[in-house]
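The structure under discussion appears below in the form of structure tokens.
Values quoted throughout were computed directly from the atomic coordinates according to the rules given, and no laboratory measurement underlies them. None of the values given here were measured: they were computed from a predicted structure. Positions of Cβ are backbone-derived with ideal geometry, glycine not excepted, and every protein chain shown enters the neighbour counts.
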Amino acid sequence: MTTDTPPETLVTQEMEDAKGNWESETVSPPVSESDIRKWAIATYWPEKPPEIYWNEDYAKTTRFGGLIAPQDFNPFAWPIERQIPAGRATPQGAGVGTRGMNGGQTDTYGVPMKPGDVITTRARLKDWNERQTRLGLTLFQEREVEWRNQNDEVVKTRLSIGIRY
Amino acid sequence: MSYNISFEDIEVGQEIDTWSRTTDFMNWNRFAAVNDEFVFIHMDDEAGRAALNEQGAFGMGNLRYTYLLNMLRDWAGDEAEIRELGVQYRGINQKDDVLTCKGTVTDKKVENGENLVYLDIKVVNEADDNTCPGHAIVVLPSKVTA
């Protein structure tokens, strides 16, 4: 059934229940040289990416002592099982509150990812605020994500803003 | 070893080397492939319009973030460390936009033995609209300790 009455809020009980609670951890497959190379090629397209991402002989001469991954490299891409975080919109949209957009993020980086690393992540819905914008009723959700490697070293922490409207 | 720039070479107010790409489905699809980011609004004009972008499909915010990292890495070199990067996605990356990443040094200081450089950064389109303002902190090597 459809209705022309806009919702009074986009905040759901699922979000209230999830607020502040770390979700279950996810462990990545080992980071591979091939995935790093492909990431670098895609993000530098159509130009050649820096050698630190694909030339082991060169990378050995740097302070890293070998290949590293670009700092935005995502080892969690292509999971077998897919999880949908609390409050996530469907980007293609089907009405008020179902459309989504990336509002921004701040990443703080620790040690770089290298081939063979296994990354563990956890995330939580931290907070939100809701207001009228040019898009109508709009919900801004703050999400915190933490990545650590197999040595329990912090790879990065992220605070991101997801937008629903 | 790529030793592009040292802490002593940096002056507040200095603009760093820009980094630019013309963006269309060739860039977006490659990024979608590696980041597993196959979302209709980035692939299909009808879905883009349904999401209230009249021109149709539009680019990923995450790709602009990547471009900013690429600018910082290419400028600072492989002996530098990008410590922090924060952005806001304020504008849409339309198909065939020419995106240019820019950065300006706002501060430099030594803390806990680290040579920190602070920058305002942004991604502008061909109309010079700032689609993605942000900030970055980069740790640079020193000529003194090199």
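Could you tell me the center-to-center distance, by alpha carbons, between segment B:1-47 and segment A:57-77 in angstrom? About 17 Å separates the Cα centre of segment B:1-47 from the one of segment A:57-77.
Within 10 Å of the Cβ of each residue in B:34-42, the mean number of Cβ atoms contributed by other protein chains is 5.
When only the Cβ of Lys, Arg, Asp and Glu is charged (+1, +1, -1, -1), the dipole of segment A:28-165 relative to its Cα centre reaches about 560 debye. Under the simplified labelling scheme, the B:ASP36-B:ASP96 pair shows an inter-label distance of 3.4 nm, with each label point 7 Å from Cα along Cα→Cβ. Summing +1 for each Lys or Arg and -1 for each Asp or Glu among the other residues whose beta-carbon sits under 12 angstrom from that of A:ASN149 gives -1. Just to be sure I follow the definition: excluding the sites themselves, where is the longest run in chain B that has none of the GluC sites (Glu not before Pro) in a DSSP loop with at most 13 other Cβ atoms within 10 Å? Counting only loop sites that pass the neighbour cut-off, the longest clear stretch is B:55-125.
Label-to-label distance, B:THR22 versus A:GLU142, with points set 7 angstrom from Cα along the beta-carbon direction: 4.1 nm.
Between A:TRP22 and A:ALA77, what FRET efficiency follows from the Cβ-Cβ distance if R0 is 22 Å, with the result rounded to 0.05? E between A:TRP22 and A:ALA77, to the nearest 0.05, is 0.55. The mean count of C-beta atoms from other chains within 10 Å of the C-beta of residues in A:42-49, rounded to a whole number, is 6. Between 0 and 90 degrees, the angle of helix B:61-76 with respect to the longest Cα principal axis of chain B falls at about 30 degrees.
Near A:LYS60: Cβ cut-off under 15 Å, other residues only, Lys/Arg at +1 and Asp/Glu at -1. The net charge is -4.
Ignoring lysines fewer than eight residues from A:LYS126 along the same chain, the ones with Cα atoms less than 24 angstrom from its Cα are A:LYS19, A:LYS156.
Principal semi-axes of the equivalent ellipsoid, √(5λ) from the alpha carbon gyration tensor of segment A:32-74, are 17, 11, 8 Å from largest down. The aspartates and glutamates whose alpha-carbon is closer than 19 Å to the alpha-carbon of A:LYS48, local same-chain residues fewer than 8 away aside, are A:GLU33, A:ASP35, A:GLU56, A:ASP57, A:ASP72, B:ASP17, B:ASP24, B:ASP74, B:ASP78. Note on segment B:1-78: Cα Rg divided by 2.2 N^0.38 Å, N the number of residues, gives 1.47.
Between rounded, prolate and oblate, where does chain A land on the alpha carbon gyration tensor, with a ≥ b ≥ c its root eigenvalues, rounded for a/c under 1.5, else prolate if a/b exceeds b/c? Verdict is prolate for chain A. With a cut-off of 8 Å between alpha carbons and a minimum separation of six or more residues, what is the relative contact order of chain B in percent? This gives 30 percent for chain B. Lysine pair count for chain B with Cα-Cα distance under 19 Å and sequence separation of 8 or more or different chains is 5.
The angle between the Cα long axis of helix A:33-44 and the longest principal axis of the Cα atoms of chain A comes to about 60 degrees, rounded to the nearest 10. The magnitude of the dipole of segment B:86-146, with charges of +1 and -1 set on the Cβ of Lys/Arg and Asp/Glu and taken from the Cα centre, is near 220 debye. A simple spin-label model places the labels of B:VAL144 and A:THR9 5.5 nm from each other, with each point 7 Å out along Cα-to-Cβ.
Over all other residues within a Cβ to Cβ distance under 12 Å of B:GLU11, the charged ones net out to -3, with Lys and Arg as +1 and Asp and Glu as -1. Quick one: angle between helix B:25-35 and the longest Cα principal axis of chain B, in degrees between 0 and 90, rounded to 10, please. Orientation of helix B:25-35: about 70 degrees from the principal axis.
Counting, for every residue in A:63-69, the Cβ atoms of other protein chains within 10 Å of its Cβ and taking the mean gives 1.
Residue-normalised convex hull volume from the C-alpha trace of the protein assembly as shown: 147 Å³ per residue.
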